[in-house]
Amino acid sequence: MSRPSQAKINTSDHNSVSVIQRQAHAATSSSSLPAAIAGLQQVPQLVPANPSAGGGKALPPSKMKKPSADKDSDEYRQRRERNNLAVKKSRMRSKQKAMDTQQRVNELKEENERLEAKIKLLSKELSVLKDLFLEHAHNLADNVQPPAGAEGTSPVTNGASTNGQ
């Protein structure tokens, strides 16, 4: 059922998925198209080599079968050494990050304790100053005598206005 105006080229990789499907148009079949469009090449498409296998989905890299390297080969040893170094480096970074975080936690705890101690000190100072202020206010009220002709006025207001405070 092949027509002379179309040619399919399928190349398969190790996933059994054809990589390129290309159709070549003959110049005679594109006579109805403008000359500029007739010369354009069609975009390659991914087409499964076996349409019934897996719905045409490619396997993710983690699920693909990797060619097994001989455990005695130099390539395998080099890959293992690189991987071991990468793991060691990753673990060191992780430990360092945990240590930095713990140090920051300790610094914040110390700062919190200092601030709480400062709050206690300032609260005590506020309490002492309030007591001094109230004692002073009561002493002023006791020392001020209401004038003989002023009825209904409080001694605090008269004392405050006469003393200038």
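For an R0 of 22 angstrom, estimate the FRET efficiency from the Cβ-Cβ distance between Asp72 and Ser94 and round to the nearest 0.05. Please report the intermediate quantities before stating the final value.
Values: r = 32 Å, r/R0 = 1.46.
FRET efficiency, Asp72 to Ser94: 0.10.
For an R0 of 30 angstrom, estimate the FRET efficiency from the Cβ-Cβ distance between Ala58 and Asn83 and round to the nearest 0.05. All intermediate terms of the calculation are to be shown ahead of the outcome.
Numbers: r = 25 Å, r/R0 = 0.85.
For R0 = 30 Å, the calculated efficiency reads 0.75.
Once you have a ≥ b ≥ c as the square roots of the Cα gyration tensor eigenvalues for segment 88-133, tell me rounded if a/c is under 1.5, and otherwise prolate or oblate according to whether a/b is larger than b/c. Before the final figure, lay out each step's value.
Values: a/c = 12.21, a/b = 10.63, b/c = 1.15.
Prolate shape, in that a/c is at least 1.5 and a/b is the bigger ratio.
Give the aspartates and glutamates whose C-alpha is closer than 18 Å to that of Lys89, dropping any in the same chain fewer than 8 places away, or say none.
Leaving aside aspartates and glutamates fewer than 8 places away in the same chain, those within reach of Lys89 are Glu81, Asp100.
Read the figures in this text as sums done on the coordinates, not as results from a lab. Fair warning: this is a prediction, and the values are worked out from it, not measured in the lab. We place every Cβ from the backbone using ideal geometry, glycine too, and count neighbours over all the protein chains shown.
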